[in-house]
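The block underneath contains the structure these notes are about, expressed in structure tokens.
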Amino acid sequence: RKEVEQDPGPFNVPEGATVAFNCTYSNSASQSFFWYRQDCRKEPKLLMSVYSSGNEDGRFTAQLNRASQYISLLIRDSKLSDSATYLCVVRVGSSNTGKLIFGQGTTLQVKP
Amino acid sequence: EAGVAQSPRYKIIEKRQSVAFWCNPISGHATLYWYQQILGQGPKLLIQFQNNGVVDDSQLPKDRFSAERLKGVDSTLKIQPAKLEDSAVYLCASSLPGTSGNIQYFGAGTRLSVL
């Protein structure tokens, strides 16, 4: 079983749609949680951290359920520029020396 | 602020040849990481340095891969000899210890093709 599991998609949605991605992780000792975005043939970039209380950044909302070991990302009012691969990431270990475990990514294609 | 620099951007070699990649982290970032990203997968950590010491190299195939970070700044990752399955993007990242959640910043990567 993979440590971080995501549905690879692709998710094909029209502009303006709302789309949700889910992710599960297996290590209950995971400390921090993130969503990274990776454009085609580019490096991953941090999209947002994920907190237990849930957090929002503009059109993006992230949720964490520690009991179920489940993370989600909701994108509202999708834009063409949202087309990318979204990587679910967990940190295991301390903030200084812990390592990041990446899911395989979920591909989103927003169409006009 | 300059980002993480990597070179070369692309490399094509034949199997059994050797190859080396170079990384210069963001200035002041003590922690440096090398990842391997195979097409269709997420990045996989190969090795993590804190200054010039190795923190985690549990997933580094040590029979063929080696990495060093002399003087705690630049780092090189070497593959000798390369195999077909080493074809991937090699990403370098750096972070500032103590920052919330250990946010890592990635370089553009080196795309390796082994023929």
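Nothing in this text is a laboratory measurement; each read-out follows from the coordinates by a stated rule. Computed from a predicted model, the values in this text were never measured in an experiment. We place every Cβ from the backbone using ideal geometry, glycine too, and count neighbours over all the protein chains shown.
Remark on A:ALA17: its backbone amide H falls under 5 Å from those of A:SER78, a criterion applied only to residues 5 or more positions apart or on other chains, H modelled at 1.01 Å from N.
Dipole magnitude for the protein assembly as shown: about 440 debye, using +1 per Lys or Arg Cβ and -1 per Asp or Glu Cβ, origin at the Cα centre.
Of all aspartates and glutamates in the structure, those lying under 19 Å Cα to Cα from A:LYS79, and not within fewer than 8 positions of it along the same chain, are A:GLU15, A:ASP39, A:GLU56, A:ASP57.
With only the Cα atoms considered, the protein assembly as shown has a convex hull volume of 128 Å³ per residue. Check the straight Cα-Cα distances from B:LYS62 and name the lysines below 29 Å, setting aside those fewer than 8 residues away within the same chain. Straight-line reach from B:LYS62, under 29 Å: A:LYS2, A:LYS42, A:LYS45, A:LYS99, B:LYS11, B:LYS15, B:LYS44, B:LYS71, B:LYS78, B:LYS83. The orientation-averaged projected area of the convex hull spanned by the Cα atoms of segment B:15-115 comes to 6.3 nm².
Kirkwood Rh over alpha-carbon pairs of segment B:56-115, then Stokes-Einstein at 20 °C and 1.002 mPa s: what D in µm² s⁻¹, rounded to an integer? All intermediate terms of the calculation are to be shown ahead of the outcome.
Values: Rh = 13.4 Å.
My calculation gives 160 µm²/s for D.
Out of every Cα-Cα pair in segment A:6-49, what percent are more than 14 Å apart? The answer is 67 percent, as a whole percent.
Model label sites at A:LYS79 and A:ASP7, defined 7 Å from Cα along the beta-carbon direction, differ in position by 2.5 nm.
Close amide-amide hydrogen proximity is noted between B:LYS15 and B:LEU115, each under 5 Å apart and 5 or more residues distant or on a separate chain (H modeled in the peptide plane; Pro and chain starts excluded). For segment A:38-112 versus segment B:29-95, the spacing of their alpha-carbon centroids is 23 Å. Think of each Lys and Arg Cβ as +1 and each Asp and Glu Cβ as -1; about the Cα centre, that makes the dipole of chain B roughly 300 debye.
Computed from phi, the 3J(HN,Hα) profile of segment B:78-84 under the Karplus parametrisation 6.51, -1.76, 1.60 (θ = phi - 60°) reads 10, 10, 7, x, 6, 10, 4 Hz, with x in place of Gly and Pro. Shape verdict for segment A:38-112, please, from the Cα gyration tensor: rounded (a/c under 1.5), prolate (a/b greater than b/c) or oblate. Here segment A:38-112 falls in the oblate category.
Placing unit charges on the Cβ atoms of the charged side chains and taking the dipole of chain B about its Cα centre, the candidate lying farthest along the positive direction among B:TYR105, B:ILE47, B:PHE21 is B:PHE21.
Quick one: dipole size for segment A:1-66, taken about the Cα centre, charges +1 on Lys/Arg Cβ and -1 on Asp/Glu Cβ, in debye to the nearest 20. Mind dumping the intermediate values first?
Details: 8 positive and 8 negative charges, 33 e Å.
Approximately 160 debye in magnitude.
Think of it this way: in the protein assembly as shown, A:CYS40 stand alone, with no other Cys Cβ under 4.7 Å. By other beta-carbon atoms within 10 Å, ranking B:ARG16, A:ARG76, B:ARG69 with the fewest at the front produces B:ARG16, A:ARG76, B:ARG69.
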